[in-house]
Structure formats: C-alpha cells, structure tokens
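Novice: One structure, pasted below without further comment.
A short reminder: the numbers here are calculations on the coordinates, not readings from a lab. As the structure is a computational prediction, the values presented were derived from the model and not from experiment. Positions of Cβ are generated from backbone atoms using ideal geometry, with glycine treated the same way; all protein chains shown enter the neighbour counts.
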C-alpha cells in the first residue's frame, strides 16, 4: 500500500530524501540554540558559598599629597563577591573615612580616596592607618597599611574662616563675664586644621553664653546670588552642659538689603537658624541657604527687609552659643570651619 | 431557612419534571466527606498544637443545561455546602459554581461565554499533573479526583472566565479541514492601585491535511491592560507561540509509525516605570521532536527536546500546587510555630493552596518530589532525550509503562557547571485473579519513580540528589461491588540541592543550599463500595509519617480516618 510522504507535501518525493529532510530540520533547530555555556542564571554560587581568599597583595603609596587634586586608588582582588570595608583613620586627628563595597575586584571604580573624611574632624598632615576587612567571611584576615598625608585636599567652596588666621578685622565678639570665648589653637582636637573657636563658662543667669559676629574684611563675602544651590556649612561640637534640650547654636545671617554697607535690624533681613545638640562629636551643620526663608512649620518668614535669602547681600554671620542656665555646670562648645558650597553639603 | 428549603425542593421537583423534555437537563454531584485527623508529634517538640482536627462537609452540586433553542445552551451549576456541625443554616454556603452560555451562531461559529475550560499544547497552555502519583491505587486516586473536580483540573485544562469562539473552514482539494479556535479571558481585575487588569487570550489554528498530516499553530498571550490603574507603573506581557506537527509516517495492520514535532518561542516583557532598571525583555524558544512506533499492544516513543532557559509560557508552567504555602491542616507545628511544608499527601485531601489562575512567575517547587520537570514539559532550561514505553495488555498485566528522561540544563544556575537529570518511572497493574484463575478481582498496582540530579564542579557547587517514590496498592473484591483497598506511598530523598528564589521579574536572586535526607510514607487501608464506575462510598484509615534525618528538622505524622460518599449524576 502506498502512502504519501511528508516531503511530498513539501518538496521531495522519494523516501530517502524525506528522512534527509527531517534530519536537516533537526540539525537546524539544534544548531540554532545559542551557546549559554559561558553564562549562568542567578547570583554566582562562588559568591554565596565559595571559599574566601585574597588573590593579590594590597599595594598603597607610602605617602600622598592630596593638595594636587589626586586620589588614592585601592587595588585588590579577592576570590568571591563579598562585603568589604576599607577604613582610613587619621592617627592624630581621629578622622575617619569608610569605603564599603561588595565587588570581587576592588579598584579605582569602587574604592578611591581623595583625602576627605566622612564627617568632622577632617584629616590633617598626619599618618593614616588603612584597614581592609571582610565582615561576612569568618576567619578572614584584616589587611593593614599606613599612608603619610603630605598635603590636604583642596576644599571645593567659599571658605569664610577656619579660625587658622586669627580674628577678622571687622568681627565682633560677645562673651558673658564668666565666659572665656575665643580662638583656640592648642587643643589638637579642631575639626579641621589646628584652630577652632571655643566658648567655656558657667552662666547660671542667662542662656546666652557667647557669640562671634563674623564679618567680611571687604563689603561682603563674595557669595553668589543664587540661594537655591548654596549651602552654609560649619563644624559644631557641644562639650559640656549638653542634652537635646540644653544647648544649641543660633546663627544670624544679616543681609544688607539696601546696599548701604550697614545692617539695619529694623529694615533689613536677619535670618535666624538654630542647631540643637545631637551628640558630643563634631557635627556638620549644613543648611541650604534658600531654606532660611521658611520657619519651622515650613511657612515663609516675614522679616523686616524683603524676606528673600540673598547670599550676595550677606554681610554678617553671627554664631551664638546658648545653653541651659538652670543646669549647674559649665557650658562649653566649639565651632570650626565655616564654608559655603554649591550644589551639595561640604565634604569634610 | 425552612421556606428556602421548601422553595428549593419545589423548584427541583418542577425542574425534574421539566428536565424530561429536550429543553432541559439536570446533572451534578453530591458528596459527603468527613475527616478525623490526629497529629503525631513528640510532646517535647510540640506541646501547643491541638492534636485532633475533625471536620467535614456535605455538598450538592446542581447543574442545569437549558436549551432555549436548538443552537443555544445555558449552563448553570450551583453548590450548596454544609459544613459538618452546621445546623439549621449555620455553616451553609450557597455558591455559583459555573455559568456558561454556549451555542452556534449562524450554523458556523461555535461560541462559549462565561466559565470555559481551555488547553492548547504542553508548551503553551496546559494544566500539568501535580507531583506524587505514579499509577496510584484508587484508595488515593478517588480522593485526588475529588480535589481535581473541585478545582476543575480536568483533562489538563484550566478553568477561566471569558469567551471562546471556534469555527471550521470548509475542506477543499488541498486540506481536509481547518479549525480555528480563539479565546479571551480575564485573569485579574484591577485593584485600582498597583495591579493592572490582566487578560489572557490566544488562538489555535489546526490544519488537517489528511489522515497523515496534522498541523497546529498555537498562540497564547498574557498581558496587562494600560490605564486600568491610577498610574501605569507596572506592566507585564507574555506571548508564547508554537507550531505543532503530527505526521503519520506509516500505518500497517499491526504497526504504526508517526512523527511529532513542536517548536515555538516566547517573549516576556516586564516594565516598571518607577524603577526603569527593572525593565526586562526576555525571550527564548524550544523544540521537541519525537518518533512513535506502535506494534500490536506495544508503543514506544523516542524523543529529543530543548527548552530554552528564558522560555516562559505561564499557561503551561503554572503549577497546581503552591509548595511555598503551608497546608491548611496543621499549618504550623512545634512550639516554635514552624510552618509545615506541603507534601503530595496534602494535595490528595485538598489541604494545599492550589492555583486557579495563571501565575506569571515560576512557582516555588520542592525538588524532593520532582526536579526534572517541575513545570511540566515546558520546564525551561531543559534539554535531552526521553523514551516512553507503554503496553496496553488486556490480561494479567495491564497498563504497563516505563519512561526514561535524561535531561540537562542548557544554562547553569549560579555556576557555569550544569545540572543533569535522570528520571526513570515505571508502573503496571497486575491482575492476580487472572493469574490464579480466581473469579473475584484481586489487583496489585505498582508504580515507581526514581530521579537523580547531579552537578559537577567545585565542592561548593556540586549537587547529588536522589529521590524515589514507590506507589503501590492492592484491590480485592470482597463481594459484589465491595472492595478492600490497601495503599502505600513511600517517598525517600537524600542528597543536596540549591533552592532558587525569584523576584517579581522571574529572575533568580538567591540560592539556598539545602541538605536532604528524609523518608515519607503514607499507608492506607479501607473499604469501598462502588455503586457504579463513578459513584462510591469508601471508608479509609491512613497513616502518614515524615522521618527527617537531618539534625534540627522535625519528625511528625498524621493519622487520618475519612469517610467519602461521592456521587455524580
């Protein structure tokens, strides 16, 4: 009995050609399959369950000058993708910079240091200890090295003062009779450099402990006119009579709205901002200058001038330390490094 | 309540009389199912969980087919269910089980609206059988069928709500017939917040050239509708398409040889506007060729398949049983309230959380019960050969089969090394009474499945998992339609595997390394009286036990006494 073949419907008629045709189809499909032998799906099992080892040596320069704008790139290869922590600690300042990642290869792409710290205090000209640890790997060694800092990073911003050059010619200082307030360059604990401004005194009759009105040597500080992307930054450290309801710094930003070179409290803007105690370490106070026009409730302030934050008209910054008078202890606080930055907060 | 019962009784009597006519038919089912469970667990491990759990129900499914005219049929099925202990309305529920309108328009187009059952090919739309049964005894299968009936798991189709239309083109000198079927169903309504309305639609074109050549094109599509939620922040689309060909090579008096091919592709698109990086488009394809030779009562099939690792066909990959959820019975055990893992034992009695709609994600599965093809034939990332042998004997040995699957991955999971799978399953019904020339039926049924998963490579990526399932039973005709039934299911698994976790975009995001060394068994005995082939009354005592040899895991057991009266009319 004769049966029509598959190839009859397609092209061929002979039985032999039919099987050849089927074979060609099979080979065609098999050959079209993409080769996935070099790829796999999901996370690497080596990263999840593989053994940990350090594949290369850690090589760092013995010393580095950050003032040229360069950065130190870390280079290390480990056997698996796991969390790693690079911790850089200033031996004298106690400044810290922590870089974390999870890549298998540590390189300039994921681990470079431009000389900055995560927060105040900043690094000084000192020796920095570098450690690289792998917290998720039980029994893994921690790598150590040291780098001598020969030059500090250049701050990106408009520096008002870091109190390194003494008092400005136009500054005004207020201290209660029992308060000593002034620049101190001997503590060795400044947020940046050697000097900071310190208040220290027992003032049981008043919250006001002391203040310093910082004014430019010339007409203004040379700030840009756009407040929206401008940030005021300063380092603050509360030392004694501390507590979240006991001590704070009050900032006055005095603007010369009429341009006569003199601030008139009755007809011009004084923006006031308060920064209350959070903890006893150096803190970075960073305020977007444009936000000064709003009060605590987010409502626009009604001031005596045009009520608009205009940094180019800023002619005075008063830093005022206040502490709870009912607390029977000395009030002590320290401030340092006043700097304006654009687009982002200051990076210590 | 009394009035309601009187009204229902009156309506039933009226319908019964009316149903004698050609315009009306009544069908349905009735069931009484009573369970008495006892948890067997060490008192020191679990002093909290109540040991006994007794429950049951009686229900009546009433289905009505009304024929308003010769070309239209209206089907309505209603369920009245009364929980054991419910009295005078307490615990009674009344639900609509099916509403379907079907008919023929213009003597050409057949249509169905409402509840419809859909299936296409095993690679596009297919409701795969759950794990845990290899030629099982009716002491288990009768109860499993109850679950299948309740969930509409019939003939590998999915019950959906929507519309279906089909028509046939007239034959001509080139083809014998062309049949076209299309459907559109609703999977998810929009919740107006973050879940868009999801539809599932597709078509099948079947071209029958003649008795030798049969060609089918399948296309199924799962997709979200835009502008059905406040902000269109996420959308999912999947399309699975295939071309299937059946070719009868040769047919003689005693033998037949045929060729079967199916090949297709899928594309999936996930889009989330809130996280543009989660936009993923994946696609892959598959092919499956098999040659079947039939000689007398012997059938042998030899095939080769390759399903790409990114092939996604939710309609064919959705699992019936959700292993990620604990079963309803003894949901948590131990003093630490550890969720109890679902097992095939729980599926037999409907304790598991089961799928009633298409799931776009590859669902969690337990490799102990099946690692080779957890998502059916459309399981992605599998390629290799398969051999099936069946023997349709009619005497002492009947319904024998032997299947061998030797598959491997085409893409590694978490490593470039690839897993290899070997699964051998076999089973038969052995009619002892035919052998010893006894009048009363004495049937031994045996099924066995053995599976090995291996992967080479570094120590941490090696896999070696073996598992086996012995499914055996004995049916003895005591007298007339009364049978004594004995059943045994024994699972054992030993080795290690990595459990995959997938994110909302079906990507593997984690592997959990697990060690397995466990033995599970279900021993059941009971009496069953068959009123006819579909209706029976049975009384069964079953003892399930899990012995987990990995330190820290919990051993427990469940003993169960159940009574099932099952009636279909």
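Novice: As I understand it, the value is the acute angle between the Cα axis of helix A:15-32 and the longest principal axis of the Cα atoms of chain A; what does it come to in degrees, rounded to 10?
Specialist: With both axes taken from Cα atoms, the answer is about 10 degrees.
Novice: Given only helices, namely DSSP H runs of n ≥ 4 each adding -39500 (n - 2.57), what is the per-residue ellipticity at 222 nm of chain B, to the nearest 500 deg cm²/dmol?
Specialist: Values: 5 runs with 44 residues, N = 569.
Dividing the helical sum by the residues of chain B leaves -2000 deg cm²/dmol.
Novice: In addition: Compute the Kirkwood hydrodynamic radius of segment B:182-294, taking the inverse of the mean of 1/r over all pairs of distinct Cα atoms, and give it in Å to one decimal.
Specialist: After inverting the mean inverse Cα-Cα distance, the result is 16.7 Å.
Novice: When you count, for each residue, the other Cβ atoms within 10 Å and take the mean per peptide, how do A:196-202, A:224-230 rank with the highest first? Walk me through the numbers on the way to the answer.
Specialist: Working: A:196-202: 22.7, A:224-230: 14.7.
For the peptides A:196-202, A:224-230, the packing ranking is A:196-202, A:224-230.
Novice: Same structure again: Taking just the alpha carbons, could you work out the radius of gyration and Dmax for the protein assembly as shown, both in angstroms?
Specialist: So, for the protein assembly as shown, Rg and Dmax equal 39.5, 124 Å respectively.
Novice: Quickly estimate the mean residue ellipticity at 222 nm for chain A, helices only: each DSSP H run with n ≥ 4 gives -39500 (n - 2.57), and the total goes over all residues, rounded to 500.
Specialist: Numbers: 3 runs with 28 residues, N = 348.
Value at 222 nm, helices only: -2500 deg cm²/dmol.
Novice: Taking just the C-alpha trace of chain A, give me its Rg and Dmax in Å.
Specialist: Cα-based Rg and Dmax for chain A come out at 32.3, 124 Å.
Novice: Per the Debye formula with a single identical scatterer at each Cα and no solvent contribution, what log10 I(q)/I(0) holds for segment B:66-129 at q = 0.18, 0.22, 0.23 Å⁻¹?
Specialist: -0.82, -0.92, -0.94
Novice: Provide a whole-number value for the mean count of partner chain Cβ atoms within 10 Å of the Cβ atoms in peptide A:42-55. Please report the intermediate quantities before stating the final value.
Specialist: On the way: counts 14, 8, 5, 13, 6, 1, 8, 9, 5, 3, 0, 0, 0, 0.
Other-chain Cβ atoms within 10 Å of each residue's Cβ, averaged: 5.
Novice: Between segment B:344-358 and segment B:62-115, what's the alpha-carbon centroid distance in Å?
Specialist: So the two Cα centres are separated by 24 Å.
Novice: If you average the alpha carbon positions of segment A:265-334 and of segment B:375-452, how far apart do those two centres end up, in angstrom?
Specialist: Comparing the Cα centres of segment A:265-334 and segment B:375-452, I get a distance of 80 Å.
Novice: From the C-alpha gyration tensor of segment A:153-232, pull out the three semi-axes of the equivalent ellipsoid (sqrt of 5λ each), sorted largest to smallest, in whole Å. Don't jump to the answer; show the numbers that get you there.
Specialist: Values: eigenvalues 138, 59, 31 Å².
The equivalent ellipsoid of segment A:153-232 has semi-axes of 26, 17, 13 Å.
Novice: Another question about this same structure. Normalised by the residues of chain B, what does the relative contact order come to in percent, with Cα pairs under 8 Å and at least six apart? Mind showing how you got there, number by number?
Specialist: Numbers: 1514 pairs, mean separation 64.9, N = 569.
This gives 11 percent for chain B.
Novice: Next question. Would you mind computing Rg(Cα) / (2.2 N^0.38 Å) for segment B:374-443, counting N as its residues? Mind dumping the intermediate values first?
Specialist: Values: Rg = 18.7 Å, N = 70, 2.2 N^0.38 = 11.1 Å.
Its radius of gyration relative to the 2.2 N^0.38 Å reference: 1.69.
Novice: Taking 1 over the mean of 1/r across every pair of different Cα atoms in chain B, what Kirkwood radius in Å do you get?
Specialist: Values: mean 1/r = 0.0379 Å⁻¹.
Hydrodynamic radius (Kirkwood, Cα only) of chain B equals 26.4 Å.
Novice: Over the Cα atoms of segment A:187-245, what radius of gyration and what Dmax do you get, in Å?
Specialist: Computed over the Cα atoms of segment A:187-245, radius of gyration and Dmax are 15.7, 42 Å.
Novice: Going by how many other beta carbons lie within 10 Å of each one, how would you line up A:252, A:276, A:205, fewest first? Each step should come with its number before you reach the end.
Specialist: Working: A:252 17, A:276 14, A:205 9.
Result, fewest neighbours first: A:205, A:276, A:252.
Novice: On to the next question. If you take the C-alpha gyration tensor of segment A:46-151, multiply each eigenvalue by 5 and take the square root, what semi-axes do you get, largest first, in whole Å?
Specialist: On the way: eigenvalues 136, 35, 26 Å².
Semi-axes (√(5λ), whole Å): 26, 13, 11.
Novice: With springs only between Cα atoms under 10 Å apart, run a GNM on chain A and tell me which of A:269, A:256, A:206 wobbles the most.
Specialist: Of A:269, A:256, A:206, the most mobile in the Gaussian network model is A:206.
Novice: In Å, what Kirkwood hydrodynamic radius results for segment B:389-522 from the alpha-carbon pair distances? Don't skip to the end; give the middle numbers.
Specialist: On the way: mean 1/r = 0.0559 Å⁻¹.
Evaluated on segment B:389-522, it is 17.9 Å.
Novice: Compute the projected area of the convex hull of the Cα atoms of segment A:101-200, averaged over all viewing directions, and report it in nm² to one decimal place. Each step should come with its number before you reach the end.
Specialist: Details: hull surface 41.2 nm².
So the Cα hull casts an average projection of 10.3 nm².
Novice: Also, quick follow-up: Over chain A, what is the relative contact order in percent, taking alpha-carbon pairs closer than 8 angstrom and at least six residues apart? Mind showing how you got there, number by number?
Specialist: Working: 797 pairs, mean separation 60.6, N = 348.
The normalised contact order for chain A reaches 17 percent.
Novice: Let me ask you something else. How many Å³ per residue does the convex hull of the Cα positions in segment B:451-517 occupy? Each step should come with its number before you reach the end.
Specialist: Details: hull volume 8.4 nm³, N = 67.
Output value, Cα hull per residue: 126 Å³.
Novice: Then there is this: Averaged across B:409-420, how many Cβ atoms of other chains sit within 10 Å of each residue's Cβ atom? Before the final figure, lay out each step's value.
Specialist: Values: counts 3, 5, 9, 8, 5, 10, 8, 6, 3, 3, 0, 0.
Mean partner-chain Cβ count within 10 Å for B:409-420: 5.
Novice: So for segment A:158-342, what are the equivalent ellipsoid semi-axes in whole Å, largest first, each being the square root of 5 times an eigenvalue of the Cα gyration tensor? Provide the component values of the computation, followed by the final result.
Specialist: Working: eigenvalues 138, 69, 50 Å².
Largest first, segment A:158-342 gives 26, 19, 16 Å.
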